[in-house]
Amino acid sequence: MYEILPLGPEDLDDVAELEARCFSDPWPRELFLREAEDRPDNFCRVVRNLEGELLAYSIAWIIADEAHLGDIAVAPEQRGKGLGKLLLQELIDEAKIRGAVHIVLEVRASNESAIALYESYGFVKVAIRKGYYQDDAEDALVMMLLLQTEAQRDRGTGTQSYVGRKS
């Protein structure tokens, strides 16, 4: 059983520790401090089990008509249990509620499992950022999920559609 909660200051140590376990070029704790602030553009979540152990988290922003997934991590021993899907679906749902037209993210070109997850939700590759990651100059794939067209947003209709959708 899990709880999905907003990221708060009390989560910072656990999030920074999990970040360091999951990434070769981790974000510093101070960066998470800013994300834990209660700002209207933040959409940051943690997943904890009922014992309070941090299992996963996501950092995202929804500004105007764009959502941006900045960071998502699942504890290595918890991978394959659907926690990444849970967090991604939370973001998609919230982005739609707030009227976002699309969600954008960057992912390491070598991170095949994350790319497969994003593609399973309809994200498509739209660009490559050469040498994006500072630790090893690996390229980042820029991926996007189209939630609704601007016309749908303006009309208040917005059924989910995807860029590059195959019929």
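The values are calculated or read from the model by the stated rules, or taken from the named source; none is laboratory data. Computed from a predicted structure; not experimentally measured. Glycine gets a Cβ as well: all are built from the backbone with ideal geometry, and neighbour counts include every protein chain shown.
Remarks
- Scanning segment 85-135 for residues that are of a type in the set (A, V, I, L, M, F, W, C) and in a loop (DSSP other than H, G, I, E, B) yields ALA100, VAL101, ALA109, PHE123.
- Any hit, segment 92-99, residues being at pLDDT 95 or above, small (Gly, Ala, Ser) and in contact with an Asp or Glu (Cβ under 6 Å, 6 or more places away or on another chain): no
- Residues in segment 1-37 that are free of Cβ contacts under 8 Å to residues at least 24 places away in the same chain and within 23 Å of ALA67 (Cα to Cα): 8 in all.
- Residue among GLU94, GLU119, GLU138 that is out of contact with any strand residue (DSSP E or B) (no Cβ under 6 Å at 6 or more places or on another chain) and farther than 17 Å from GLU35 by Cβ: GLU119
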